1. Hey, how many Å between the Cα centroid of the range 16-68 and the Cα centroid of the range 131-160?
2. Among the aspartates and glutamates, select those whose C-alpha is under 19 Å from the C-alpha of Lys141, and discard any that sit fewer than 8 residues away in the same chain.
3. Compute the distance in nm between two label points, each set 7 Å from the Cα along the Cα-to-Cβ direction, one at Asp95 and one at Asn159.
4. Hey, any idea what % of the chain's accessible area is carbon plus sulfur with a 1.4 Å probe?
5. Loop-only trypsin sites (Lys or Arg not before Pro) in the range 66-144, please: DSSP not H, G, I, E or B, and at most 11 other Cβ atoms within 10 Å.
6. If every alpha-carbon in the chain counts as one equal scatterer, what log10 I(q)/I(0) does Debye give at q = 0.10, 0.18, 0.21 1/Å?
7. Straight-line reach from Lys56: which lysines fall under 18 Å, measuring Cα to Cα and dropping same-chain residues less than 8 apart?
8. Need one word for the range 38-79: rounded, prolate or oblate. Basis is the Cα gyration tensor (sqrt eigenvalues a ≥ b ≥ c); a/c below 1.5 gives rounded, then a/b vs b/c decides.
Amino acid sequence: YALFTLKEYFAGLDNNMLNSLGKELTNWKLPELKSNKLVNLSDLKGNIILLEFWFKYCGGCVMAIPDLNKIKTKFEKDNFKIYGVEFIENYSKDDLKKYITDQKILYPNLYRGKAIASNYGVRSAPTFMIIDKNGTIIHIKSGFSKENINEIIDIIEKNI
């Protein structure tokens, strides 16, 4: 479980992830685990973007992997990008790379996402965020369920 200082906790109350809905995503760069290449948000505009905020051994995150792999495959030829964003940062890069391989995650994953998750009020996992082609957050929801996955697919299809 993630631990927060009292200051972080109270700041988080004001920074609820639902407050991020409808806002334009701020520009950021995060390293991709396998290539270590920096992924720059501004380079992704023009695509529908699905971000999945996760941490190692999160049960819902693990359950979501097969569905997220299918979403990647289904939309990869469209203007669509998917990234996992690890946001706890208690593990080394090599440990996370091994975890990605062991879990058979097919979509690219970013790490060092703690500040970005905090900026958008993300405190639980999995949290799914969809950004439209203009960079506006159009969906954000925590928790894994087939209903959530179906809702994500519907939103992607309507916005591609």
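1. Rounded to whole Å, the Cα centres lie 12 Å apart.
2. The qualifying aspartates and glutamates are Asp14, Glu24, Glu52, Asp67, Glu86, Asp132, Glu151, Asp154, Glu157.
3. Between Asp95 and Asn159, the label points sit 3.3 nm apart.
4. Working: 4480 of 8660 Å².
Using a 1.4 Å probe with all protein chains present, the chain comes out at 52 percent carbon and sulfur.
5. On the way: sites: Lys70, Lys72, Lys74, Lys77, Lys81, Lys93, Lys97, Lys98, Lys104, Arg112, Lys114, Arg123, Lys133, Lys141; in loops: Lys77, Lys104, Arg112, Arg123, Lys133.
In loop regions of the range 66-144 (DSSP not H, G, I, E or B), the sparsely surrounded trypsin sites (Lys or Arg not before Pro) are Lys77, Lys104.
6. Evaluating at q = 0.10, 0.18, 0.21 Å⁻¹ gives log10 I(q)/I(0) of -0.32, -1.16, -1.63.
7. Counting by Cα, and skipping residues close in sequence, Lys56 has these lysines nearby: Lys34, Lys93, Lys97, Lys98, Lys104, Lys114.
8. Details: a/c = 3.49, a/b = 1.49, b/c = 2.34.
It is oblate, given that a/c is not under 1.5 and a/b is not larger than b/c.
The values are calculated or read from the model by the stated rules, or taken from the named source; none is laboratory data. Predicted model only: the values in this text are computed from it and were never measured. In this analysis, Cβ positions are derived from the backbone assuming ideal geometry, glycine residues included, and neighbour counts consider all displayed protein chains. The area values use the complete protein model at the heavy-atom level, side chains included, leaving out ligands, DNA and RNA. Shrake-Rupley method; radii C 1.70, N 1.55, O 1.52, S 1.80 Å.
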